[in-house]
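Worksheet: one structure, shown below.
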Amino acid sequence: MNETCSFKKYVAEFIGTCVLVLMGCGAAALAGGTISWLGVSLAFGLSVLVMVYAIGPISGCHINPAITLAMWINKKISGKDAILYVIFQILGAFLGVAILTCIAGHADGLAVNAVDPYEMGFTPCASFVCELVMTFLFLLVIFGATSENAPAGFAGIAIGLSLTLIHLVSIPVTNTSVNPARSIAPAVFDMNANNGLTDLWIFIVAPLVGAALAALVWRGLSGQCCCKKNKAE
């Protein structure tokens, strides 16, 4: 029974990551010229929002190796589950890009993450810092929105809107990753991308570092008795 339940969690992560990549990257690749960066940002944010309510009760809806790492660091998931979550997330991302490629009819323009994708003068250092900080903030929102003291039922809204906000800021810098699985699959598929594979390490390392820092910071913040009233009041 336990093995069956575990497999269901992995499948949920597979499906959720597939939806995120298909809808988010699909919006950028197929309709980016019409809906602009705002539309693409909303596509990614809404994808996460709806998946939180769809598969959250099953797997927690990580659909992102960086989130899984942070949850493992704070002992909210076992090592075995963390490894299998990441594997299924990456596989789900590849399925999402494969479907997108079939729809588009070509493996080009798949919203690949890259340093300075729109040639606005951003450096690799700026891109690394951007991805690290944005992932750090994203995880803080996730930890806060899913904490015991947070209002019940609103986590998906907070998480989805925070990802939308993050995209609005960082699309010009990196096309926004904050999710290694989202970055790996398009970079491998889109062989015409100039820097997709060259810059890929940034979109793996920076989100993971940002997530790990967020986990440690949240552990410190949540360990304080900040909700208790001062006796002197």
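The values are calculated or read from the model by the stated rules, or taken from the named source; none is laboratory data. The model shown is predicted, which means the values in this text are computed figures rather than measured ones. Heads up, the Cβs are rebuilt from the backbone with ideal geometry, glycines too, and the neighbour counts pull from every protein chain shown. For the accessible areas, the whole protein counts, side chains as well, though only heavy atoms, and no ligand, DNA or RNA atoms are used. Shrake-Rupley method; radii C 1.70, N 1.55, O 1.52, S 1.80 Å.
Give, as a single signed number, the net charge of other residues whose beta carbon lies under 10 Å from the beta carbon of THR176, with Lys and Arg counted +1 and Asp and Glu -1.
Numbers: positive: ARG182; negative: GLU131.
Value of the local net charge: 0.
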Q.
Given the whole protein assembly as supplied and a 1.4 Å probe, what does the accessible area of ILE90 come to in Å², nearest 10?
A. 50
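Helix-derived [θ] at 222 nm for the chain: sum -39500 (n - 2.57) over DSSP H runs of at least 4, divide by residue count, nearest 500?
Values: 7 runs with 168 residues, N = 233.
So the calculated ellipticity at 222 nm is -25500 deg cm²/dmol.
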Q: Once you've got the GNM for the chain with C-alpha springs shorter than 10 Å, pick whichever of MET120, MET23, MET134 has the biggest mean-square fluctuation.
A: MET120
Q: Convert each backbone phi in the range 20-34 into a coupling constant with the Karplus relation 6.51 cos²θ - 1.76 cosθ + 1.60 (shift: θ = phi - 60°), then list the ³J(HN,Hα) values in order as whole Hz, x for Gly and Pro.
A: 4, 5, 4, 6, x, 5, x, 4, 6, 6, 9, 9, x, x, 9
Q) Residues in the range 120-148 near a label at PHE154, defined as backbone nitrogen under 16 Å from the 7 Å Cα→Cβ point? A) 141-148
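Find the accessible area per residue for the range 4-45; the probe is 1.4 Å, ligands and nucleic acids are left out, and the unit is Å². List each step's numbers first, then the result.
Values: 1770 Å² over 42 residues.
Counting only protein heavy atoms, the per-residue value for the range 4-45 is 42 Å².
Rounding to the nearest 20 debye, state how big the charge dipole of the chain is about its Cα centre with +1 on each Lys and Arg Cβ and -1 on each Asp and Glu Cβ. Kindly include the intermediate steps, with their values, before the conclusion.
Numbers: 10 positive and 11 negative charges, 188 e Å.
Dipole magnitude for the chain comes out near 900 debye.
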**Q.** Segment LEU165-TYR53, extension gain: residue separation times 0.36 nm, minus the distance between their alpha carbons
**A.** 38.4 nm
(Q) Could you derive backbone 3J(HN,Hα) for the range 126-131 from the dihedral phi with the Karplus parameters 6.51, -1.76 and 1.60 (θ = phi - 60°), listing whole Hz in sequence and x where the residue is Gly or Pro? (A) 4, 5, 4, 4, 4, 5
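Using only alpha-carbon positions, what ratio does the radius of gyration of the range 1-134 give when scaled by 2.2 N^0.38 Å?
Numbers: Rg = 16.1 Å, N = 134, 2.2 N^0.38 = 14.1 Å.
Normalised Cα radius of gyration, the range 1-134: 1.14.
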Q) If you average the sequence gap of Cα pairs under 8 Å that are 6 or more apart and divide by the length of the range 1-92, what percent do you get for the contact order? A) 43
Q.
Given R₀ = 25 Å, what would the calculated FRET efficiency be for SER222 paired with LYS80, taking r from the Cβ atoms and rounding to 0.05?
A. 0.50
Q) In the calculated pair distance distribution of the chain, what percentage of Cα-Cα distances lie above 24 Å? A) 41
Q. So what does the Cα-only Debye profile of the range 134-223 read at q = 0.10, 0.22, 0.23 Å⁻¹, as log10 I(q)/I(0), no solvent term?
A. -0.31, -1.08, -1.13
Q. Taking a 1.4 Å probe, which of CYS61, CYS102 shows the most accessible area, and what order do the others take after it?
A. CYS102, CYS61
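With a 1.4 Å probe and every protein chain left in place, work out the accessible area per residue of the range 50-177 in Å², rounded to a whole number.
On the way: 5690 Å² over 128 residues.
The answer is 44 Å² per residue.
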Q) At q = 0.24 Å⁻¹, what base-10 log of I(q)/I(0) does the Debye formula yield for the range 25-66 when every alpha carbon is treated as an equal point scatterer in vacuo? A) -0.77
**Q.** Residue-count net charge about ASP116 - beta-carbon cut-off 14 Å; Lys, Arg +1, Asp, Glu -1
**A.** -3
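Given a 1.4 Å probe and every protein chain left where it sits, what share in percent of the accessible area of the range 78-210 is carbon and sulfur?
Values: 4110 of 5730 Å².
It is 72 percent, rounded to a whole number.
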Q. Do you know the relative contact order of the chain, to the nearest whole percent, from alpha carbon pairs under 8 angstrom that are 6+ apart?
A. 29
